[in-house]
Amino acid sequence: MDHPWAARRAARAGTVLPVLVAVLTACGGGQSTEDEQSRDSPDFEASELRKAQLVEFEDATIVPEQSEQGTYEELESTQQAQKLREATELDKPECVDAANPWGSLPGVRTSASSLATFVQDQETITHTLIGAAPETAAKALEEAEPPDSCGSYTATMEGGETASYEVSDLDMETVGEDSHAFVVRTEAEGEEVLLYNMVYHNGSYLAATSVLGTDKESDYEETLAAFTDAAVEREEKILS
């Protein structure tokens with residue numbers, strides 16, 4: 001990997017958090033070109049979603065090998081997250097998908113998607129666009145909040161190592177037609193790891209932004225808001 005900091009911390013944090021963290025360690029596979037795709041195919045829709053991703057954001061640099069496109073359930077990052085979840089035991093099993101219960105919805109898993117990963121300073125930003133039907137996207141937001149019991153939980157990895165997690169909502173302005181923001185806190189390599197998240201529904205797509213970092217002095221919430229606002233502006237321009 002070209003970004004060992006992001007990969008190392010994401011690997012540790014991603015062991016028990018779902019797709020929004022595990023995806024940071026994934027290296028996307030080959031992507032087909034538009035010339036090889038039918039305009040009605042999921043591959044073509046995924047390539048259109050890719051075009052709607054931000055090309056740049058402030059000082060953030062896009063990481064091509066950690067960006068991918070295709071059907072959501074077939075993304076390498078999605079499959080990797082599933083393997084990580086299966087290899088982890090939680091003291092509260094209902095919290096296995098605490099950060100993205102929407103990711104298991106059939107209408108989401110079979111939809112075209114695009115994932116983009118950016119790195120700036122000591123933070124990693126990921127943005128996922130999913131071409132879900134409006135009713136599926138709306139349902140995803142209904143299920144975006146984890147069960148009340150998942151405000152804190154503990155995970156035990158295959159090697160017996162344990163980690164504690166805290167999930168709390170963020171009071172942020174609504175994005176798109178509906179949105180939900182929250183932060184996940186854990187510890188990796190002796191440092192507190194912060195994962196700020198925004199899930200939103202806008203028109204014919206569902207999207208999620210995450211900001212991962214360890215600097216307590218950084219305003220990750222501000223980064224989350226600014227990146228998501230910029231992403232929505234581009235999406236509305238390209239996908240309208």
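Taking Cβ atoms as reference points and 10 Å as the exclusive limit, the residues near Gly203 contribute a net charge of -3, counting Lys and Arg as +1 and Asp and Glu as -1.
Could you tell me what percent of the accessible area of the range 34-237 is made up of carbon and sulfur, with a 1.4 Å probe and every protein chain present? Of the solvent-accessible surface of the range 34-237, carbon and sulfur hold 41 percent. Each Cα pair under 8 Å and six or more residues apart adds its separation to the average, and for the range 34-237 the resulting relative contact order is 20 percent.
Each Cα pair under 8 Å and six or more residues apart adds its separation to the average, and for the range 74-140 the resulting relative contact order is 27 percent.
Here the translational diffusion coefficient of the range 34-237 follows from Stokes-Einstein with Rh set to the Kirkwood radius across Cα pairs; for 4 °C and 1.567 mPa s it amounts to 74 µm²/s.
The residues of the range 34-237 have, on average, 46 Å² of accessible surface per residue, using a 1.4 Å probe with all protein chains present. The stretch between Glu158 and Glu217, if pulled fully straight at 0.36 nm per residue, gains 18.0 nm over its current Cα-Cα span. Taking label points 7 Å from Cα along the Cα-to-Cβ direction, Glu86 and Ala230 give a separation of 3.8 nm. Across the range 113-212, the relative contact order, built from alpha-carbon pairs under 8 Å that are at least six residues apart, equals 30 percent.
Rounded to the nearest whole Hz, the Karplus-based 3J(HN,Hα) values (6.51 cos²θ - 1.76 cosθ + 1.60, θ = phi - 60°) of the range 74-91 follow the sequence 9, 4, 4, 5, 5, 5, 5, 4, 4, 5, 5, 5, 5, 8, 10, 10, 9, 6, with x at glycine and proline.
The values are calculated or read from the model by the stated rules, or taken from the named source; none is laboratory data. All values derive from a computational prediction rather than experimental measurement. Cβ: placed from backbone, ideal geometry, glycine included. Neighbour counts: every protein chain shown. With ligands, DNA and RNA removed, areas are computed over all heavy atoms of the protein, side chains included. Shrake-Rupley method; radii C 1.70, N 1.55, O 1.52, S 1.80 Å.
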